[in-house]
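Only the coordinates and a few stated rules stand behind these numbers; no lab work does. Everything numeric in this text was worked out from a predicted model, so none of it was measured. Note that each Cβ is placed from the backbone with ideal geometry, even for glycine, and that neighbours are counted across all protein chains shown.
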């Protein structure tokens, strides 16, 4: 999943999942039902009782129609039965990502800049640009949120897992490198707040 551009944080218990998912730093959750301390459905129910709307994909070996219906009725957005193909899981995550109101299509285009979120490629006037994985993820975060300011902390949360060491100027370095490849003023700095890309 990290190879496909997702930042992944992992916990092993329902209690830790509930603590993690009440924070706004996560966009979606993959929930196994067989947790050591409580049933995953109870985690889901508690999330929904707290009015947490984060999209949740259930992964489980429970494969009867009744169990699937129960999971969806408890508030799951999708349900995938083990064993599963990782490509199917990634495709379902991309569907949720588009539905979140960030990217509404696999291709995001602003002015002459285009990113293909399936192939993880960046194009300028239909010519592919050489971008590092982190540069691609920074640009994707900004283009998905075109018209809205993204703080350094918001961008960092899209780039790094929990506990991963972050250089203090990492975002600035990636922005600097992107600016050398993209049209002038495509990425704008809002002093003291963050960065933005204007919608066209």
Can you name every residue in the range 18-42 that is under 21 Å from the mean Cα position of the chain (by Cα) and farther than 24 Å from residue 85 by Cα?
18, 19, 20, 21, 22, 23, 24, 25
Look through the range 123-149, keep the residues that are free of Cβ contacts under 8 Å to residues at least 24 places away in the same chain and surrounded by 13 or more Cβ atoms within 10 Å (Cβ to Cβ), and return whichever of them is farthest from residue 194 (Cα to Cα).
123
Which members of the range 168-187 meet the condition of being surrounded by fewer than 12 Cβ atoms within 10 Å (Cβ to Cβ) and under 17 Å from residue 149 (Cβ atoms)?
185
